[in-house]
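The values are calculated or read from the model by the stated rules, or taken from the named source; none is laboratory data. Values in this document were obtained by computation on a predicted structure and should not be read as measured data. Glycine also receives a Cβ, built like all others from the backbone with ideal geometry; neighbour counts cover every protein chain displayed. With ligands, DNA and RNA removed, areas are computed over all heavy atoms of the protein, side chains included. Shrake-Rupley method; radii C 1.70, N 1.55, O 1.52, S 1.80 Å.
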Amino acid sequence: MPELRGAVILAAGHGTRMKTALPKVLHPVGGQSMFSWAVALAREVNAALICAVVSDKSGAVGKAAASELGGGAVAVQHPPQGTGDAVKCARDVLDGFEGNVVTLYGDTPLIQAQTIERVFAALDGDVSIAVLGFEAAEPSAYGRLILADDGTLDCIVEAKDANDEQKAVTLCNSGVMAASGDLLFSILDEVTNDNANGEYYLTDVVALARKRGLKVVAVSADEQELMGVNSQEELATAEALFQMRRRSEWLQNGVRLTAPDTVYASWDTHIASGCVIDPFVVFGPGVSLGEGTHVRSFSHLEGAVAEENVAIGPYARLRPGTELGAHAKVGNFVETKKAKIGDGAKISHLSYIGDSIIGADVNIGAGTITCNYDGFDKHTTTIGAGAFVGSNSSLVAPVRVGAGAVIGSGSVITRDVPDDALGVARTRQRDIEGWAETFRTRKKRT
Ligand code: UD1
Ligand code: MG
(Lines give C-alpha, C1' and ligand atoms only; values in the text may rest on other atoms or scores of the structure.)
(Ligands and ions follow the chains in the order given, each with its own letter.)
Protein backbone atom coordinates (compact mmCIF):
# COMPACT_ATOMS: atom_id res chain seq x y z
CA MET A 1 0.00 0.00 0.00
CA PRO A 2 1.34 3.52 -0.72
CA GLU A 3 2.24 5.52 2.34
CA LEU A 4 -0.66 7.63 3.65
CA ARG A 5 0.44 11.23 4.02
CA GLY A 6 -0.91 14.36 5.61
CA ALA A 7 0.41 17.91 5.79
CA VAL A 8 -0.03 20.75 8.25
CA ILE A 9 0.66 24.22 6.88
CA LEU A 10 1.45 26.81 9.52
CA ALA A 11 0.06 30.18 8.57
CA ALA A 12 -1.24 31.73 11.80
CA GLY A 13 1.61 34.10 12.55
CA HIS A 14 1.06 37.65 11.30
CA GLY A 15 4.66 38.14 10.32
CA THR A 16 5.21 41.47 12.04
CA ARG A 17 8.76 41.61 10.70
CA MET A 18 7.30 42.22 7.21
CA LYS A 19 5.93 45.58 8.51
CA THR A 20 2.83 45.45 6.32
CA ALA A 21 -0.91 45.13 6.86
CA LEU A 22 -0.83 42.16 4.47
CA PRO A 23 -0.17 38.95 6.45
CA LYS A 24 3.25 37.49 5.66
CA VAL A 25 2.10 34.22 4.10
CA LEU A 26 -0.02 36.10 1.54
CA HIS A 27 3.00 37.91 0.13
CA PRO A 28 3.74 36.63 -3.36
CA VAL A 29 6.73 34.89 -4.82
CA GLY A 30 6.49 34.50 -8.58
CA GLY A 31 2.96 35.92 -8.49
CA GLN A 32 1.62 33.27 -6.11
CA SER A 33 1.30 33.67 -2.34
CA MET A 34 3.77 31.83 -0.13
CA PHE A 35 0.75 30.11 1.40
CA SER A 36 -0.30 28.80 -2.03
CA TRP A 37 3.24 27.54 -2.62
CA ALA A 38 2.92 25.47 0.55
CA VAL A 39 -0.46 24.09 -0.56
CA ALA A 40 0.95 23.22 -3.99
CA LEU A 41 3.89 21.45 -2.35
CA ALA A 42 1.60 19.41 -0.08
CA ARG A 43 -0.44 18.40 -3.11
CA GLU A 44 2.65 17.52 -5.13
CA VAL A 45 3.76 15.01 -2.49
CA ASN A 46 0.25 13.52 -2.54
CA ALA A 47 -0.85 14.54 0.95
CA ALA A 48 -4.31 13.00 1.29
CA LEU A 49 -5.18 15.42 4.06
CA ILE A 50 -3.94 19.00 4.19
CA CYS A 51 -4.71 21.20 7.18
CA ALA A 52 -3.94 24.91 7.24
CA VAL A 53 -3.57 26.61 10.61
CA VAL A 54 -4.66 30.25 10.58
CA SER A 55 -5.24 32.86 13.28
CA ASP A 56 -8.73 33.84 12.16
CA LYS A 57 -11.08 32.00 9.81
CA SER A 58 -12.63 35.20 8.56
CA GLY A 59 -9.32 36.98 8.06
CA ALA A 60 -7.51 37.18 4.73
CA VAL A 61 -5.42 34.04 5.33
CA GLY A 62 -8.44 32.11 6.63
CA LYS A 63 -10.42 32.99 3.52
CA ALA A 64 -7.53 32.08 1.20
CA ALA A 65 -7.11 28.77 3.01
CA ALA A 66 -10.82 27.94 2.87
CA SER A 67 -11.01 28.72 -0.82
CA GLU A 68 -8.00 26.52 -1.65
CA LEU A 69 -8.62 23.66 0.75
CA GLY A 70 -12.27 23.89 1.81
CA GLY A 71 -13.44 25.21 5.19
CA GLY A 72 -13.15 21.81 6.89
CA ALA A 73 -9.41 21.77 6.36
CA VAL A 74 -8.80 25.03 8.17
CA ALA A 75 -7.87 25.05 11.87
CA VAL A 76 -7.75 28.17 14.00
CA GLN A 77 -4.97 29.07 16.39
CA HIS A 78 -5.96 32.02 18.49
CA PRO A 79 -3.90 33.65 19.77
CA PRO A 80 -0.77 32.39 17.99
CA GLN A 81 1.51 30.98 20.71
CA GLY A 82 4.23 29.40 18.69
CA THR A 83 4.74 26.78 16.02
CA GLY A 84 4.21 23.81 18.37
CA ASP A 85 0.92 25.24 19.57
CA ALA A 86 -0.03 25.83 15.92
CA VAL A 87 0.49 22.19 14.92
CA LYS A 88 -1.54 21.12 17.96
CA CYS A 89 -4.46 23.16 16.63
CA ALA A 90 -4.56 20.87 13.59
CA ARG A 91 -5.36 17.89 15.82
CA ASP A 92 -9.11 18.03 15.28
CA VAL A 93 -8.82 18.22 11.50
CA LEU A 94 -6.37 15.30 11.53
CA ASP A 95 -8.40 13.34 14.08
CA GLY A 96 -8.18 9.62 13.28
CA PHE A 97 -5.65 10.17 10.51
CA GLU A 98 -3.39 7.16 10.43
CA GLY A 99 -0.52 8.27 8.28
CA ASN A 100 2.67 10.26 8.40
CA VAL A 101 2.36 14.00 8.73
CA VAL A 102 4.73 16.68 7.46
CA THR A 103 4.80 20.21 8.84
CA LEU A 104 5.26 22.97 6.28
CA TYR A 105 5.77 26.60 7.23
CA GLY A 106 3.91 29.18 5.21
CA ASP A 107 7.04 31.25 4.81
CA THR A 108 9.39 28.84 3.01
CA PRO A 109 8.19 29.06 -0.59
CA LEU A 110 11.09 27.51 -2.50
CA ILE A 111 11.03 23.93 -1.17
CA GLN A 112 10.78 21.30 -3.88
CA ALA A 113 8.66 18.15 -3.80
CA GLN A 114 11.60 15.79 -4.23
CA THR A 115 13.13 17.21 -1.04
CA ILE A 116 9.94 16.48 0.93
CA GLU A 117 10.02 12.98 -0.59
CA ARG A 118 13.47 12.51 0.96
CA VAL A 119 12.13 13.57 4.36
CA PHE A 120 9.30 11.02 4.20
CA ALA A 121 11.73 8.38 2.96
CA ALA A 122 13.92 8.99 6.01
CA LEU A 123 11.10 7.70 8.24
CA ASP A 124 11.90 4.19 7.09
CA GLY A 125 12.83 1.56 9.65
CA ASP A 126 13.54 2.70 13.21
CA VAL A 127 13.49 6.45 12.56
CA SER A 128 10.52 8.13 14.28
CA ILE A 129 11.01 11.76 13.25
CA ALA A 130 12.85 13.34 10.34
CA VAL A 131 13.72 17.03 10.24
CA LEU A 132 14.81 18.93 7.16
CA GLY A 133 17.84 21.16 7.65
CA PHE A 134 20.53 23.01 5.77
CA GLU A 135 24.02 24.39 6.17
CA ALA A 136 23.57 28.15 6.49
CA ALA A 137 26.20 30.66 5.40
CA GLU A 138 24.81 32.99 8.06
CA PRO A 139 22.66 31.03 10.51
CA SER A 140 21.54 34.20 12.39
CA ALA A 141 17.91 33.71 13.51
CA TYR A 142 17.40 30.11 12.39
CA GLY A 143 16.98 27.27 14.90
CA ARG A 144 20.16 25.15 15.17
CA LEU A 145 20.13 21.38 14.62
CA ILE A 146 22.31 19.84 17.31
CA LEU A 147 23.56 16.39 16.34
CA ALA A 148 24.43 13.58 18.74
CA ASP A 149 27.78 11.78 18.49
CA ASP A 150 26.23 9.05 16.36
CA GLY A 151 25.07 11.65 13.82
CA THR A 152 21.38 11.44 14.70
CA LEU A 153 19.51 14.58 15.71
CA ASP A 154 19.66 15.35 19.41
CA CYS A 155 17.65 18.55 19.67
CA ILE A 156 16.81 21.86 18.00
CA VAL A 157 17.76 25.04 19.78
CA GLU A 158 16.20 28.32 18.75
CA ALA A 159 18.70 31.13 18.16
CA LYS A 160 17.33 33.18 21.04
CA ASP A 161 17.80 30.28 23.46
CA ALA A 162 21.17 29.11 22.15
CA ASN A 163 24.45 29.40 24.03
CA ASP A 164 27.61 30.50 22.23
CA GLU A 165 28.63 26.95 21.36
CA GLN A 166 25.20 26.19 19.93
CA LYS A 167 25.12 29.50 18.06
CA ALA A 168 28.35 28.48 16.31
CA VAL A 169 26.50 25.51 14.75
CA THR A 170 25.67 26.20 11.11
CA LEU A 171 23.26 23.30 10.50
CA CYS A 172 19.83 24.99 10.66
CA ASN A 173 16.19 24.02 10.88
CA SER A 174 13.90 24.56 7.88
CA GLY A 175 10.64 23.94 9.76
CA VAL A 176 9.84 20.79 7.80
CA MET A 177 9.38 17.83 10.10
CA ALA A 178 7.79 14.45 9.40
CA ALA A 179 6.49 11.86 11.85
CA SER A 180 3.45 9.69 12.30
CA GLY A 181 0.47 11.87 13.21
CA ASP A 182 -0.15 9.95 16.43
CA LEU A 183 3.40 10.37 17.65
CA LEU A 184 3.56 14.04 16.72
CA PHE A 185 0.40 14.98 18.62
CA SER A 186 1.29 12.88 21.64
CA ILE A 187 4.70 14.56 21.98
CA LEU A 188 3.25 18.02 21.36
CA ASP A 189 1.22 17.60 24.56
CA GLU A 190 4.51 17.64 26.48
CA VAL A 191 5.86 20.83 24.90
CA THR A 192 6.05 23.80 27.29
CA ASN A 193 6.60 27.50 26.69
CA ASP A 194 9.61 27.74 28.92
CA ASN A 195 11.93 29.65 26.57
CA ALA A 196 13.09 33.12 25.57
CA ASN A 197 9.96 33.83 23.53
CA GLY A 198 7.44 32.27 25.94
CA GLU A 199 6.12 30.24 22.98
CA TYR A 200 5.35 26.59 22.38
CA TYR A 201 8.02 25.53 19.90
CA LEU A 202 7.47 22.72 17.43
CA THR A 203 11.21 22.31 17.49
CA ASP A 204 11.09 21.02 21.11
CA VAL A 205 9.48 17.85 19.80
CA VAL A 206 12.93 16.54 18.87
CA ALA A 207 14.41 16.55 22.36
CA LEU A 208 11.19 15.15 23.84
CA ALA A 209 11.24 12.28 21.34
CA ARG A 210 14.87 11.54 22.25
CA LYS A 211 13.83 11.39 25.90
CA ARG A 212 11.41 8.66 24.94
CA GLY A 213 14.32 6.79 23.38
CA LEU A 214 13.13 7.46 19.83
CA LYS A 215 15.45 7.99 16.91
CA VAL A 216 15.36 11.36 15.14
CA VAL A 217 17.37 12.22 12.03
CA ALA A 218 18.18 15.31 10.02
CA VAL A 219 17.84 15.31 6.25
CA SER A 220 19.68 18.11 4.52
CA ALA A 221 19.11 20.16 1.43
CA ASP A 222 20.38 23.33 -0.14
CA GLU A 223 20.11 26.54 1.89
CA GLN A 224 18.60 28.57 -0.95
CA GLU A 225 15.79 26.07 -1.36
CA LEU A 226 14.92 26.09 2.33
CA MET A 227 15.23 29.78 3.10
CA GLY A 228 12.54 31.26 5.34
CA VAL A 229 11.01 34.64 4.58
CA ASN A 230 10.60 36.91 7.59
CA SER A 231 11.29 40.36 6.13
CA GLN A 232 10.82 42.30 2.90
CA GLU A 233 14.51 41.82 2.19
CA GLU A 234 14.19 38.06 2.47
CA LEU A 235 11.06 38.18 0.30
CA ALA A 236 13.04 39.98 -2.39
CA THR A 237 15.79 37.35 -2.08
CA ALA A 238 13.25 34.52 -2.40
CA GLU A 239 11.78 36.20 -5.49
CA ALA A 240 15.23 36.53 -7.06
CA LEU A 241 16.00 32.87 -6.35
CA PHE A 242 12.68 31.79 -7.85
CA GLN A 243 13.36 33.85 -10.98
CA MET A 244 16.82 32.37 -11.37
CA ARG A 245 15.41 28.88 -10.99
CA ARG A 246 12.78 29.44 -13.70
CA ARG A 247 15.21 31.05 -16.11
CA SER A 248 17.62 28.16 -15.84
CA GLU A 249 14.77 25.65 -16.32
CA TRP A 250 13.77 27.43 -19.52
CA LEU A 251 17.34 27.58 -20.81
CA GLN A 252 17.74 23.88 -20.11
CA ASN A 253 14.51 23.19 -22.00
CA GLY A 254 15.59 24.96 -25.17
CA VAL A 255 14.15 28.44 -24.66
CA ARG A 256 16.45 31.23 -25.86
CA LEU A 257 16.82 34.15 -23.46
CA THR A 258 19.29 36.72 -24.68
CA ALA A 259 19.35 38.50 -21.32
CA PRO A 260 17.91 36.03 -18.79
CA ASP A 261 18.25 38.39 -15.82
CA THR A 262 15.74 40.79 -17.37
CA VAL A 263 12.94 38.28 -17.98
CA TYR A 264 10.43 37.77 -15.16
CA ALA A 265 8.33 34.65 -14.70
CA SER A 266 5.25 33.81 -12.70
CA TRP A 267 4.73 30.52 -10.90
CA ASP A 268 2.78 29.03 -13.81
CA THR A 269 4.48 30.57 -16.84
CA HIS A 270 4.87 27.95 -19.54
CA ILE A 271 7.24 28.56 -22.43
CA ALA A 272 7.73 25.79 -24.97
CA SER A 273 11.10 24.92 -26.40
CA GLY A 274 12.21 26.90 -29.41
CA CYS A 275 10.70 30.14 -28.10
CA VAL A 276 12.84 33.27 -28.07
CA ILE A 277 12.36 35.85 -25.35
CA ASP A 278 14.17 39.13 -25.91
CA PRO A 279 15.38 41.30 -23.01
CA PHE A 280 12.95 42.97 -20.58
CA VAL A 281 9.81 40.88 -20.77
CA VAL A 282 7.43 40.33 -17.85
CA PHE A 283 5.16 37.30 -17.58
CA GLY A 284 2.26 37.71 -15.15
CA PRO A 285 0.22 34.64 -14.15
CA GLY A 286 -1.52 32.47 -16.71
CA VAL A 287 0.82 32.68 -19.70
CA SER A 288 1.54 29.79 -22.00
CA LEU A 289 3.58 30.11 -25.21
CA GLY A 290 3.69 27.52 -27.97
CA GLU A 291 6.83 26.42 -29.77
CA GLY A 292 8.74 28.95 -31.83
CA THR A 293 6.98 31.99 -30.40
CA HIS A 294 9.08 35.15 -30.24
CA VAL A 295 8.45 37.80 -27.60
CA ARG A 296 10.27 41.05 -28.23
CA SER A 297 11.46 43.51 -25.62
CA PHE A 298 9.34 45.48 -23.17
CA SER A 299 6.27 43.32 -23.51
CA HIS A 300 3.99 42.52 -20.57
CA LEU A 301 1.84 39.41 -20.74
CA GLU A 302 -0.72 37.98 -18.32
CA GLY A 303 -3.51 35.46 -18.80
CA ALA A 304 -2.44 35.01 -22.41
CA VAL A 305 -2.10 31.81 -24.40
CA ALA A 306 -0.21 31.73 -27.70
CA GLU A 307 0.00 28.81 -30.08
CA GLU A 308 3.15 28.13 -32.09
CA ASN A 309 5.26 30.66 -34.00
CA VAL A 310 3.46 33.74 -32.74
CA ALA A 311 5.21 37.14 -32.84
CA ILE A 312 4.62 39.41 -29.85
CA GLY A 313 5.94 42.94 -29.27
CA PRO A 314 8.08 44.91 -28.86
CA TYR A 315 5.97 46.87 -26.35
CA ALA A 316 2.94 44.59 -26.49
CA ARG A 317 0.54 44.35 -23.59
CA LEU A 318 -1.43 41.12 -23.51
CA ARG A 319 -4.07 41.04 -20.81
CA PRO A 320 -6.20 38.17 -19.46
CA GLY A 321 -8.28 36.25 -21.93
CA THR A 322 -5.94 36.79 -24.86
CA GLU A 323 -5.66 33.77 -27.16
CA LEU A 324 -3.35 33.95 -30.14
CA GLY A 325 -3.53 31.45 -32.99
CA ALA A 326 -0.51 30.02 -34.76
CA HIS A 327 1.59 32.56 -36.71
CA ALA A 328 -0.46 35.48 -35.38
CA LYS A 329 1.30 38.78 -34.79
CA VAL A 330 0.71 41.40 -32.12
CA GLY A 331 3.10 44.28 -32.61
CA ASN A 332 4.22 47.43 -30.85
CA PHE A 333 1.90 49.40 -28.60
CA VAL A 334 -0.92 46.93 -29.01
CA GLU A 335 -3.11 46.07 -26.02
CA THR A 336 -5.34 43.02 -26.09
CA LYS A 337 -7.86 41.81 -23.53
CA LYS A 338 -10.32 38.91 -23.77
CA ALA A 339 -9.48 38.63 -27.44
CA LYS A 340 -9.39 35.46 -29.48
CA ILE A 341 -7.12 36.15 -32.40
CA GLY A 342 -7.10 33.65 -35.26
CA ASP A 343 -4.22 31.92 -37.01
CA GLY A 344 -2.08 34.29 -39.03
CA ALA A 345 -4.00 37.42 -37.97
CA LYS A 346 -1.94 40.59 -37.68
CA ILE A 347 -2.37 43.52 -35.32
CA SER A 348 0.90 45.21 -35.93
CA HIS A 349 0.71 48.69 -34.44
CA LEU A 350 -1.00 50.94 -31.91
CA SER A 351 -4.30 49.18 -31.26
CA TYR A 352 -6.67 48.24 -28.48
CA ILE A 353 -8.45 44.97 -29.13
CA GLY A 354 -10.79 43.94 -26.31
CA ASP A 355 -13.76 41.54 -26.05
CA SER A 356 -13.08 40.48 -29.59
CA ILE A 357 -13.14 37.44 -31.81
CA ILE A 358 -10.80 37.96 -34.74
CA GLY A 359 -10.78 35.41 -37.56
CA ALA A 360 -7.81 33.84 -39.30
CA ASP A 361 -5.59 36.06 -41.49
CA VAL A 362 -7.38 39.27 -40.52
CA ASN A 363 -5.26 42.39 -40.86
CA ILE A 364 -5.95 45.12 -38.34
CA GLY A 365 -4.53 48.46 -39.42
CA ALA A 366 -2.55 50.80 -37.19
CA GLY A 367 -4.55 52.67 -34.59
CA THR A 368 -7.66 50.49 -34.75
CA ILE A 369 -9.69 50.53 -31.55
CA THR A 370 -12.49 48.24 -30.49
CA CYS A 371 -14.88 50.42 -28.50
CA ASN A 372 -16.01 47.65 -26.19
CA TYR A 373 -17.31 49.58 -23.19
CA ASP A 374 -20.28 51.93 -23.00
CA GLY A 375 -19.64 52.93 -19.42
CA PHE A 376 -21.86 50.14 -18.10
CA ASP A 377 -21.39 46.96 -20.11
CA LYS A 378 -18.76 45.31 -22.27
CA HIS A 379 -19.70 44.31 -25.83
CA THR A 380 -18.14 42.01 -28.39
CA THR A 381 -16.53 42.83 -31.71
CA THR A 382 -16.41 39.96 -34.20
CA ILE A 383 -14.28 40.12 -37.33
CA GLY A 384 -14.58 37.35 -39.92
CA ALA A 385 -11.65 35.55 -41.48
CA GLY A 386 -9.59 37.45 -44.04
CA ALA A 387 -11.12 40.85 -43.29
CA PHE A 388 -8.98 43.99 -43.63
CA VAL A 389 -9.53 46.84 -41.21
CA GLY A 390 -8.07 50.14 -42.43
CA SER A 391 -5.93 52.21 -40.11
CA ASN A 392 -7.39 54.43 -37.43
CA SER A 393 -10.80 52.78 -37.42
CA SER A 394 -13.12 52.59 -34.43
CA LEU A 395 -15.27 49.49 -34.18
CA VAL A 396 -18.17 50.34 -31.87
CA ALA A 397 -19.31 47.10 -30.24
CA PRO A 398 -21.49 45.13 -30.41
CA VAL A 399 -20.55 44.91 -34.04
CA ARG A 400 -19.58 42.33 -36.63
CA VAL A 401 -17.30 42.81 -39.61
CA GLY A 402 -17.97 40.05 -42.15
CA ALA A 403 -15.41 37.62 -43.50
CA GLY A 404 -13.33 39.14 -46.29
CA ALA A 405 -14.78 42.62 -45.71
CA VAL A 406 -12.69 45.78 -45.98
CA ILE A 407 -13.10 48.74 -43.65
CA GLY A 408 -12.08 52.10 -45.04
CA SER A 409 -9.40 53.82 -43.06
CA GLY A 410 -10.63 56.24 -40.41
CA SER A 411 -14.10 54.72 -40.22
CA VAL A 412 -16.30 54.65 -37.16
CA ILE A 413 -18.19 51.41 -37.66
CA THR A 414 -21.41 51.18 -35.67
CA ARG A 415 -23.35 48.65 -37.78
CA ASP A 416 -22.52 45.15 -38.97
CA VAL A 417 -20.60 45.00 -42.27
CA PRO A 418 -21.57 42.13 -44.61
CA ASP A 419 -19.06 39.54 -45.81
CA ASP A 420 -16.82 40.80 -48.63
CA ALA A 421 -18.32 44.33 -48.45
CA LEU A 422 -16.51 47.65 -48.12
CA GLY A 423 -17.58 49.46 -44.98
CA VAL A 424 -16.72 53.15 -44.95
CA ALA A 425 -18.05 55.52 -42.33
CA ARG A 426 -16.40 58.91 -42.54
CA THR A 427 -17.18 62.22 -44.24
CA ARG A 428 -16.41 62.35 -47.91
CA GLN A 429 -13.34 64.34 -48.97
CA ARG A 430 -13.93 67.72 -50.64
CA ASP A 431 -11.20 69.68 -52.52
CA ILE A 432 -11.60 73.46 -53.06
CA GLU A 433 -9.27 74.46 -55.88
CA GLY A 434 -6.96 77.38 -55.13
CA TRP A 435 -8.27 77.88 -51.59
CA ALA A 436 -4.89 77.58 -49.90
CA GLU A 437 -3.19 80.14 -52.10
CA THR A 438 -6.02 82.66 -51.65
CA PHE A 439 -5.79 82.14 -47.87
CA ARG A 440 -2.04 82.78 -47.75
CA THR A 441 -2.30 85.92 -49.90
CA ARG A 442 -5.01 87.34 -47.67
CA LYS A 443 -3.01 86.63 -44.51
CA LYS A 444 0.13 88.26 -45.89
CA ARG A 445 -1.76 91.47 -46.78
CA THR A 446 -3.19 92.02 -43.26
C1 UD1 B 1 11.02 28.93 12.63
C2 UD1 B 1 11.65 27.83 13.48
C3 UD1 B 1 13.15 27.84 13.30
C4 UD1 B 1 13.50 27.69 11.84
C5 UD1 B 1 12.77 28.70 10.95
C6 UD1 B 1 12.90 28.32 9.50
C7 UD1 B 1 10.27 27.41 15.46
C8 UD1 B 1 10.10 27.64 16.91
N9 UD1 B 1 11.31 28.01 14.88
O10 UD1 B 1 11.47 30.19 13.11
O11 UD1 B 1 13.76 26.79 14.06
O12 UD1 B 1 14.91 27.79 11.66
O13 UD1 B 1 11.36 28.72 11.26
O14 UD1 B 1 12.39 29.28 8.64
O15 UD1 B 1 9.50 26.68 14.88
N16 UD1 B 1 3.22 30.30 12.89
C17 UD1 B 1 1.97 29.93 13.31
N18 UD1 B 1 1.64 30.13 14.61
C19 UD1 B 1 2.48 30.66 15.52
C20 UD1 B 1 3.77 31.05 15.08
C21 UD1 B 1 4.12 30.85 13.77
O22 UD1 B 1 1.16 29.42 12.53
O23 UD1 B 1 2.09 30.80 16.68
C24 UD1 B 1 3.58 30.09 11.48
C25 UD1 B 1 3.97 31.38 10.76
O26 UD1 B 1 2.81 31.93 10.11
C27 UD1 B 1 5.01 30.91 9.74
C28 UD1 B 1 5.64 29.69 10.42
O29 UD1 B 1 4.74 29.28 11.43
O30 UD1 B 1 4.42 30.51 8.54
C31 UD1 B 1 7.01 29.98 11.04
O32 UD1 B 1 6.89 31.03 11.97
P33 UD1 B 1 8.02 32.14 12.13
O34 UD1 B 1 7.59 33.09 13.18
O35 UD1 B 1 8.42 32.67 10.83
O36 UD1 B 1 9.22 31.26 12.73
P37 UD1 B 1 10.79 31.59 12.62
O38 UD1 B 1 11.13 32.61 13.63
O39 UD1 B 1 11.15 31.87 11.22
MG1 MG C 1 10.03 32.21 9.55
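Descriptive notes on the structure:
- Calculated SAXS-style log₁₀ I(q)/I(0) at q = 0.09, 0.16 Å⁻¹ - the range 5-220, Debye, Cα scatterers: -0.32, -1.08
- Carbon-plus-sulfur accessible fraction, the chain (probe radius 1.4 Å, protein heavy atoms only): 51%.
- Gyration tensor over alpha-carbon atoms, the range 283-419, equivalent ellipsoid semi-axes in Å: 23, 15, 13
- At R0 = 45 Å, FRET efficiency that the Cβ-Cβ distance of ASP189 and GLU291 yields, to 0.05: 0.20
- Reach of LYS338 by Cα under 27 Å, taken over lysines that are not fewer than 8 positions away in the same chain: LYS329, LYS346, LYS378
- Computed from the C-beta positions of ALA48 and SER348, the FRET efficiency with R₀ = 60 Å rounds to 0.70.
- Taking PRO23, PRO79, PRO320 in turn, the Gaussian network model of the chain (Cα-Cα springs below 10 Å) assigns the largest fluctuation to PRO79.
- 222 nm mean residue ellipticity, helices alone, for the chain (DSSP H n ≥ 4; -39,500 (n - 2.57); rounded to 500): -6000 deg cm²/dmol
- Placing +1 on the Cβ of every Lys and Arg and -1 on the Cβ of every Asp and Glu, with nothing else charged, gives the chain a dipole about its Cα centre of roughly 3000 debye.
- Long-range amide H partners of GLU158 with built H, under 5 Å: ARG144
- Low-density loop cleavage sites - trypsin sites (Lys or Arg not before Pro) in the range 212-308, where at most 13 other Cβ are within 10 Å (DSSP): ARG212
- Chymotrypsin sites (Phe, Trp or Tyr not before Pro) within the range 373-446, DSSP loop, no more than 16 other Cβ atoms inside 10 Å: PHE376
- Placing unit charges on the Cβ atoms only, positive for Lys and Arg and negative for Asp and Glu, gives the range 5-220 a dipole magnitude near 640 debye about its Cα centre.
- Inter-centroid distance (Cα atoms) of the range 305-330 relative to the range 1-72, Å: 34
- Pair ASN197, THR258: separation of 7 Å Cα→Cβ label points (nm): 4.9
- Couplings 3J(HN,Hα) of the range 169-184, computed from phi: 6, 9, 7, 10, 8, 8, x, 7, 9, 10, 6, 5, x, 4, 5, 4 Hz, in residue order, whole Hz [Karplus 6.51 cos²θ - 1.76 cosθ + 1.60, θ = phi - 60°; x for Gly and Pro].
- Loop-located trypsin sites (Lys or Arg not before Pro) in the range 1-105 whose Cβ has at most 16 other Cβ within 10 Å (DSSP): LYS19, LYS57
- Which of LEU241, ALA339, ILE111, positive extreme of dipole for the chain (C-beta unit charges): ALA339
- Within the same chain, lysines fewer than 8 places from LYS443 are excluded, and of the rest, none has a Cα less than 25 Å from its Cα.
- Measuring between their Cα centroids, the range 89-168 and the range 241-291 lie 33 Å from each other.
- Here's how it looks for GLY82: its modeled amide H is under 5 Å from those of TYR200, which are all 5 or more places away or on a different chain.
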